[in-house]
Every structure is written in structure tokens, then in C-alpha cells.
Amino acid sequence: MKHGVAFRKFSRTSSHRMLMLRNLVTSLIEHEQIKTTLPKARDTARLADKLITLGKKGDLPAARRAQGFLLKPTLIPKVFGALAHRYARRPGGYTRIHKFGNRQGDNAPHAVLELVDNPRDLR
């Protein structure tokens, strides 16, 4: 049974897996659109939504949690400023996943993960 199992393992140790997901979320916040495999995109979208919700709270404990999660501290003002303002009226669902075919080398399902209502929005 899979009760209580939230994230995939990706054949990595827990520290490597968490650092990989933190790196993907940091890249998503920085560029507002990234290309990765579909399972990684799904797990990254969950964490990115939680981070933007922290930005919408806007208090000091939320800022400290976000600063501990993001790998680039220069992105904290973007999360708590521009993104929090952009998604102030949206109750959730800040990311969108577009399936992008399969990768050339290993035929892994590819996807584009993007923030909703960004300047380079695919929709």
C-alpha cells in the first residue's frame, strides 16, 4: 500500500533528491518556465505551490522558511513581492504542466513546467 507516501524516490538518496527538487523550484522561480521530465515536474509543482503560498502569507516566519528552502537568496523579494502580488486573488494552482513528448536519449516523458500568467505563458 502507498498510504502516506508523498513524493517519488527518483533512485536517489533523500538528501540528493531534496536538493534536486530545491534546485528545480529555484530555477522555476527564477526563469518562470523550465523543461524537465514529467515525474520531476509533478513533484516540483507541489513544492513551488507551497513556496508561493508562503510568499502570499508575507510574514517573517514564512520568509525564513522560504529563505531556507530556496538556493538563491536573491529570489526572496521576487517570491514575496512580484509573485505574491500576481497570485493574490488566486486560491491555488500557481503552476501548469505541459507534456512535451519524449526525450531523445532515453525516451523519458518530457514536460514544460511553468508559472501561470507569466510573460512567456504557453497557453
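The values are calculated or read from the model by the stated rules, or taken from the named source; none is laboratory data. None of these values were measured; they are calculated from a predicted model. No Cβ is skipped: glycine too gets one built from the backbone with ideal geometry, and neighbour counts run over all protein chains shown. Accessible surface areas use protein heavy atoms only, side chains included; no ligands, DNA or RNA. Shrake-Rupley method; radii C 1.70, N 1.55, O 1.52, S 1.80 Å.
Okay, here's what the table says:
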{"read-out": "Looking only at region 28-49, and only at residues there that are at negative phi and acidic (Asp, Glu), the one that is most open to solvent (accessible area, probe 1.4 Å)", "value": "Glu30"}
{"read-out": "Of all residues making up region 94-111, the number that are part of a loop (DSSP other than H, G, I, E, B) and open to solvent by 40 Å² or more (accessible area, probe 1.4 Å)", "value": "5"}
{"read-out": "Tabulated pairs, region 94-105, first at negative phi, second assigned to a loop (DSSP other than H, G, I, E, B), C-beta under 6 angstrom, 6+ apart or interchain", "value": "Tyr94/Tyr87; Tyr94/Val116; Arg96/Val116; His98/Leu122"}
{"read-out": "Filtered residue count, region 50-62, keeping only those that are assigned to a helix (DSSP H, G or I) and open to solvent by 30 Å² or more (accessible area, probe 1.4 Å)", "value": "6"}
{"read-out": "Conditions (1) in a helix (DSSP H, G or I); (2) farther than 24 Å from Arg17 by Cβ; (3) in contact (Cβ under 8 Å) with a residue 12 or more places away in the chain; (4) polar (S, T, N, Q): number failed by Thr44", "value": "(2)"}
{"read-out": "Test for Val25: is it of a type in the set (Val, Ile, Thr), free of Cβ contacts under 8 Å to residues at least 60 places away in the same chain and crowded, with 18+ Cβ neighbours inside 10 Å", "value": "yes"}
{"read-out": "Every pair of residues 6+ apart whose Cβ atoms lie under 9 Å, when the first sits in region 58-71 and is within 20 Å of Leu28 (Cα to Cα) while the second is open to solvent by 70 Å² or more (accessible area, probe 1.4 Å) and among the aliphatic types (A, V, I, L, M)", "value": "Leu71/Leu19"}
